[in-house]
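Each remark here refers to the structure printed beneath this line.
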Amino acid sequence: MSGTSNLIQLWQIPSTRLLLRGSKLSKEFCATLCFCKKMQTATYEVVNGSYVPVAQTKKEISTEDKTLTRIETVGAFQKLPMVMPSIDLLYSAIRKAKRVSPTKGIVNIAKRERNRGARQLDALMKELAVPLRTYMENFPNKKYLHPYERSLIELTLGDGNYEEVLRRVDALRKKVVSVGKEHASLCAKSSSKREAEELLGEGMKKLEEIFKLEGKAVDDLLNIAKTLRAMPVVDLETPTLCLVGAPNVGKSSLVRILSTGKPEVCNYPFTTRGILMGHIALNYQHFQVTDTPGLLKRCDEDRNNLEKLTLAVLSHLPTAVLYVHDLSGECGTSPSDQFITYKEIRERFSDHLWFDVVSKCDLLQEKPVVFITEDEDADDLDVARYRRVGPDGAIRVSVTNEAGLDELKSRVHNLLVSQSARIKSQNNNQEKLEVHT
């Protein structure tokens, strides 16, 4: 029993004290103690009379998956590193490298010169390669981004361009490291002061030529960083109103009325050339509003990147939809075409909270507008009714004479309050699901 009590007492001694007294313990006891502590942090099962570590359980794997899911949030573009122009990076590195002196205490002139040359080439290589490595480590891998931000990269920069620029930057880094090490090694093995000076000059010139020739990759990365940082930041927890409709139907004008956003307002199609974000403050509550590029009547394969941006917002962000219709004939898209697009989008995103607005009501005539390309007699009753009053439940507004704006603001507020309740409910359900699993 005395041996057992001694073992229990030793088990309760902190590990630091055990180390201090390690000389008094037998090797067998230390091995036993280490195995017991390992048993506390690992799961084992008995196989053929021996303890074998159990593989990672499904529960642990699912926990890791949830952690990765939580990482997938928006806002990555605002954390991008500052990229220096390639010419500035090069000449800054050259200046710093030339200030590197040889190791003190070397009396022999030839040894001192080859030491200086090797150190300066190594310094130049590092001054160029370290920033490039920093860029590679801090620009996010696209597959770990939120789907909305992945879509922004693909549709704004072009499919594959982001990865290609990062690949070129990494290739430049590898070449700089390879050439720098090679010339530094040659310089360190030189046999005379003159040879060391010549090899130093050759190495400096070679690294400068490489960086000038392939440094455009750094400048392309700088432009990518500028473009991505300019993307609007969306808070997934804040209710968001997304204005959708054909080009030039008046979405931007309504955004200016409803929010702090100030998009360009002109009388030509596709004025909105990207996703524009504003904020709404109603009854001490804060909401977001997005102005999106207009949608035309065509299949997804034929849509341009501006239209795909609109679809990306609806697909990947928890938005309520304010769909804007123009029946006045001023926007350039016929009411019949608007109706076809509207039905398609409404059906595709039927799970979104939604309401409709007919804009420019001050320009509406008693008789519905019919474009010359349309056959009024061939239209069905739904299209004919849409030409007259728009979708069921739509309200009519006019920015020009301010008709219907008070009702619009009230409806927007009610819609966003409902969207806020929906987001909270979804978050609560997600938390309950995580607890049960």
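Readers should treat all values here as calculations from the given coordinates under stated rules, not as data from a laboratory. Please read these numbers as outputs of a predicted model, since none were measured by experiment. Don't worry about glycine lacking a Cβ; one is built from the backbone with ideal geometry, like all the others, and counts go over all protein chains shown.
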Checklist entry - How much of the calculated P(r) for the stretch 94-196 lies past 20 Å, in percent of all Cα pairs? => result 54 percent
Item to check | Check: the stretch 132-224 dipole with +1 on Lys, Arg Cβ and -1 on Asp, Glu Cβ, in debye | outcome: 320 debye
Checklist entry - Using 0.36 nm per residue, how much length does the chain from THR227 to THR134 gain when fully extended, once their Cα-Cα distance is taken away? => result 31.6 nm
Checklist entry - For the stretch 240-434, what is the convex hull volume of the alpha-carbon atoms per residue, in Å³? => result 132 Å³
Checklist entry - What's the extension gain from SER178 to TYR144 if we count 0.36 nm per residue and subtract their Cα-Cα distance? => result 9.2 nm
Next on the checklist: I want to check the label-to-label distance for LYS189 and ASP406. Put each point 7 Å from Cα in the C-beta direction and report it in nm to one decimal.
Outcome noted: 8.9 nm
Item to check | Restricting the stretch 271-323 to trypsin sites (Lys or Arg not before Pro) in coil, as DSSP defines it, with at most 10 other Cβ within 10 Å | outcome: none
Item to check | Rounded to 5, percent antiparallel among DSSP beta bridges of the stretch 240-434 | outcome: 30 percent
